[in-house]
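Here is the structure we will look at, set down as structure tokens.
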Amino acid sequence: STNYLLTLTLNLTFTLTLALNVSSRLETMKYAMRVGGKDIEMHLEKNGELLTNDYSETYYTEDGTPVTSTPQDVDHCYYHGTIVNDSESTVSMSTCDGLRGYFRTAAQRYLIEPLSGGDDGDHAVLKYEDQSSKPVVCGVTNTSWNADYPPITSKSRSRASGPSLLQQQKYVELVLVADNREVRTRRQIRQKYKESHLTMQLICLQVYKPLNTFIALVGLEVWSDNDKISVTAPAGATLDAFTKWRNSNLVNTKHHDNAHLISGIDFEGSTVGLAFIGTLCSDHSVGIVQDHNPRAIAVGATLAHEMGHNLGMNHDDSSACTCSGNSCIMAGALSWDIPKSFSSCSSVNYERFLNNRNPECLLDKPDYRNVESTPVCGNGFLEIGEQCDCGSLEECTNPCCNATSCTLTKGSECAAGACCDNCKVRAIV
């Protein structure tokens, strides 16, 4: 198969001059292009799930002094959407510095990036194929945590008290930490470095949405001066060291549910990731990921995989584990085809984790930044003017909510929450 290299013909709702300030970024956009002899049209909207209101960035000066800021002028240039007349399509795109990201049609997955790094120059559209012949795997460790770790909460929840935990909207407040080798290897200025890690988060956002789980980035910490732990090739030792650092340092400075180290080191063997199983909402809610591919979307898929372990998912070791694609996210070994969805087995594992462990931190909705000027019905977030929002028409399984209008269905008093029982507000006894 041949990679496509073409000059992008853009039919935009605005002129492609992307040196814009944050206030001039449009809420929705359309792109038209010809790929593989076929015309396609993308419909995009700003990704309102990207950053939380308390999102912060921490860097270190040369003398090791941490500098933490909460940027208020984040150039929100991250979009997601679909391709017209292609129900299986997804698009995840950054317009920060030209077009950069990926899109998937029913038949193929593509990457898009500027050829010259400019805003309005030629772009390359490449059929995604990982040219690396080196097999890479997840070396999941400490599987006994799933059975031996004490219950996260002793509270019980009746199955008849409302939507199941799997059906309820859940939120993982994530902190990404980049080690010093990662910073030096990328050799990028901070903004471009941040773009790659936001892209990783966007991949997680996309693949977890069908599980009613939103991945919210609450913090980015960059070890710009030197590593705060001993980062070594044995992945298990690095995971243990990162876990100790997180519990003695990060939990005291940043509220979060889950932390992952993105490392520039080459872990021993073919391992590119390591995580504890079934430990989210605990002090072992951590994982480590090797930045094993210059394409941030590939690393993002590995991040989604390791987070899956934290959420109770095991590897798909059975042929009975099926998903919509050539490979599933929780496959034990990564294939050239970046996985796009969880398998049926992963959904069962996740539901079992939710029911057995009742990880209540997942029900705490973060305060998202107001990055959209108007509410968007169908994005899964309850916004001003909406009575409920259960996602798109295809995704919504909540009988209390009308997905097309984001209003309560006839006779319903509520759609979600601890006090909502079968679409009625539970009486206070």
Residues in the range 232-264 that are at pLDDT 95 or above, in contact with a Lys or Arg (Cβ under 7 Å, 6 or more places away or on another chain) and assigned to a loop (DSSP other than H, G, I, E, B): how many?
0
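What do you reckon, is T271 assigned by TED's automatic domain parsing to the domain that holds C204 and crowded, with 24+ Cβ neighbours inside 10 Å?
Working: assigned by TED's automatic domain parsing to the domain that holds C204: yes; crowded, with 24+ Cβ neighbours inside 10 Å: no.
It is false that T271 is assigned by TED's automatic domain parsing to the domain that holds C204 and crowded, with 24+ Cβ neighbours inside 10 Å.
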What are the residues in the range 417-427 that are at pLDDT below 85 and in contact with a strand residue (DSSP E or B) (Cβ under 8 Å, 6 or more places away or on another chain), if any?
C419, R426
Looking at the structure I just gave you, is I152 within 23 Å of F342 (Cβ to Cβ), at pLDDT below 65 and β-branched (V, I, T)?
yes
Tell me which residues, restricted to the range 275-284, are crowded, with 23+ Cβ neighbours inside 10 Å and either among the acidic types (D, E) or farther than 16 Å from A235 by Cα (or both).
G278, T279, L280
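For every residue, the table says whether it meets (1) under 14 Å from the mean Cα position of the chain (by Cα); (2) under 16 Å from L198 (Cα atoms); (3) of a type in the set (D, E, K, R).
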| site | (1), (2), (3) |
| --- | --- |
| L274 | no, no, no |
| I277 | no, no, no |
| L280 | no, no, no |
| H284 | no, no, no |
| V299 | yes, yes, no |
| T302 | yes, yes, no |
| H305 | yes, no, no |
| H309 | no, no, no |
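May I ask you to list the residues in the range 102-132 that are hydroxyl-bearing (S, T, Y), modelled with pLDDT under 70 and either more than 21 Å from the chain's Cα centre (by Cα) or part of a strand (DSSP E or B) (or both)? Break it down stepwise before answering.
Going residue by residue through the range 102-132, those that are hydroxyl-bearing (S, T, Y) are 102, 105, 110, 116, 128, 132.
After this cut, where a residue has to be modelled with pLDDT under 70 as well, the list is 116, 128, 132.
Residues satisfying the conditions are S116, S132.
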Just the residues that are modelled with pLDDT of 90 or more and either assigned by TED's automatic domain parsing to the domain that holds C406 or in a loop (DSSP other than H, G, I, E, B) (or both), please, taken from the range 343-358.
S343
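Conditions tested, residue by residue: (1) hydroxyl-bearing (S, T, Y); (2) surrounded by 13 or more Cβ atoms within 10 Å (Cβ to Cβ); (3) modelled with pLDDT under 80; (4) part of a strand (DSSP E or B).
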position: Y55; (1), (2), (3), (4): yes, yes, no, yes
position: G64; (1), (2), (3), (4): no, no, no, no
position: Q72; (1), (2), (3), (4): no, no, yes, no
position: D86; (1), (2), (3), (4): no, yes, no, no
Does the range 284-295 contain at least one residue that is in a loop (DSSP other than H, G, I, E, B) and closer than 18 Å to P210 by Cα?
no
Considering residues that are within 21 Å of the chain's Cα centre (by Cα) and at pLDDT 90 or above, the number found within the range 360-409 is 2
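The values are calculated or read from the model by the stated rules, or taken from the named source; none is laboratory data. All values derive from a computational prediction rather than experimental measurement. Cβ coordinates were reconstructed from backbone atoms using ideal geometry, including for glycine residues, and neighbour counts include every protein chain displayed.
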